[in-house]
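A short worksheet on the structure shown next.
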Amino acid sequence: RVVFMLPWLGRTVAGTTDSSTAITMLPEPHEDEIQFILDAICDYLNVQVRRSDVLSAWSGIRPLAMDPSAKNTESISRDHVVFEDYPGLITITGGKWTTYRSMAEDAVNAAIRSGKLKPANGCVTDHLHIVGGYGWDPASFTVLAQNYKRMKKTYGGKVIPGAMDSAVSKHLSHAYGTLAERVAAIAQNEGLGKRLAHGYPFLEAEVAYCARHEYCESAVDFVARRCRLAFLDTDAAGRALPRIIEILASEHKWDKARRKLELQKGIEFLETFKSSKNAQFRDGKHNGQ
């Protein structure tokens, strides 16, 4: 089996290829799989990586598509499949996040053929930037660092200023592009400039921003898909959950029952990430035993 290591958001992701599994809404990695990966990567490192060094371990279920027009099951594909069930009804299935533009192009082209359309130009997706991409520059983070402060509320309720340090400003710039200044403004003007977890650049302001502008409707949505903290450090994500829920509750006017439900769902979700309870980062320093 192939094993890979990739740098990702300041950490290293180690993984392997897929295998058959039962379908569940909350898939969990098996300990033998985790140990297999650790044993494999140790051959390529000059340090010993132990189970206690794993800050987060997860697995997902990948759908494999089968072309309904194929004559045998050997045509199961790891790519996407586009087909026309009935005249004018185009279906696209399978695929993966990293090929979403290619998937969209193929589906639209299939619709063009089906409808015998004559578009004025070809596909333009290659030239489209994602939101925040237009006008972005790799050095944009310096503007954030120079022009904004992180106003933080203490446990006593006092608001104190903090620097928009390079780690935070680089994160905001790379995550939000030219829209990063909107997040920085919330951090400065609304006292939401505190980090959600020690050693990580994610700010409280991001929770409010994502709730207002990116349709973030749950704590799991934020901790897994907006800031990726669940994948980087599961225990840190668990410690951040109550504050994330508090901010989302303020933004969406949640009652006490909804807050309780969000915490329950968040805990259940994070329990599927098999981190080592001994491996924790404090202000960026690894204290694994």
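The values are calculated or read from the model by the stated rules, or taken from the named source; none is laboratory data. Please read all numbers here as calculations on a predicted model, not as lab measurements. Cβ sites come from the backbone with ideal geometry, for glycine too, and all protein chains shown count toward neighbours. SASA here: full protein model, heavy atoms, side chains in, ligands and nucleic acids out. Shrake-Rupley method; radii C 1.70, N 1.55, O 1.52, S 1.80 Å.
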Quiz item: What is the residue count in region 206-227 for residues that are out of contact with any helix residue (DSSP H, G or I) (no Cβ under 9 Å at 6 or more places or on another chain) and in contact (Cβ under 8 Å) with a residue 12 or more places away in the chain?
Solution: 0
Quiz item: Do the conditions hold for Arg228, that is, is it within 17 Å of the chain's Cα centre (by Cα), open to solvent by 60 Å² or more (accessible area, probe 1.4 Å) and under 29 Å from Phe273 (Cβ atoms)?
Solution: yes
Exercise. For Asn109, work out the one condition from (1) surrounded by 15 or more Cβ atoms within 10 Å (Cβ to Cβ); (2) within 23 Å of the chain's Cα centre (by Cα) it doesn't fulfil.
Key: (2)
Quiz item: Could you give every pair whose Cβ atoms fall below 6 Å, whose first residue belongs to region 94-116 and is without any contact (Cβ under 8 Å) to a residue 24 or more places away in the chain, and whose second residue is of a type in the set (Val, Ile, Thr) and assigned to a helix (DSSP H, G or I), counting only separations of at least 6 or pairs across chains?
Solution: Glu105/Thr125
Self-check item: Residue check, Gly156 within 29 Å of Ile247 (Cβ to Cβ) and loosely packed, with under 10 Cβ neighbours inside 10 Å
Solution: yes
Quiz item: Do the conditions hold for Ala70, that is, is it open to solvent by less than 50 Å² (accessible area, probe 1.4 Å), in contact (Cβ under 8 Å) with a residue 12 or more places away in the chain, assigned to a loop (DSSP other than H, G, I, E, B) and of a type in the set (A, V, I, L, M)?
Solution: no
Practice problem: Output the number of the condition that Ser20 fails; it satisfies all remaining conditions of (1) assigned to a loop (DSSP other than H, G, I, E, B); (2) open to solvent by less than 50 Å² (accessible area, probe 1.4 Å). | Solution: (2)
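Per-residue answers, yes or no, for (1) in contact (Cβ under 8 Å) with a residue 60 or more places away in the chain; (2) surrounded by 14 or more Cβ atoms within 10 Å (Cβ to Cβ):
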{"position": "Thr142", "(1), (2)": "no, yes"}
{"position": "Gln146", "(1), (2)": "no, no"}
{"position": "Tyr176", "(1), (2)": "no, yes"}
{"position": "Ala180", "(1), (2)": "no, yes"}
{"position": "His198", "(1), (2)": "yes, yes"}
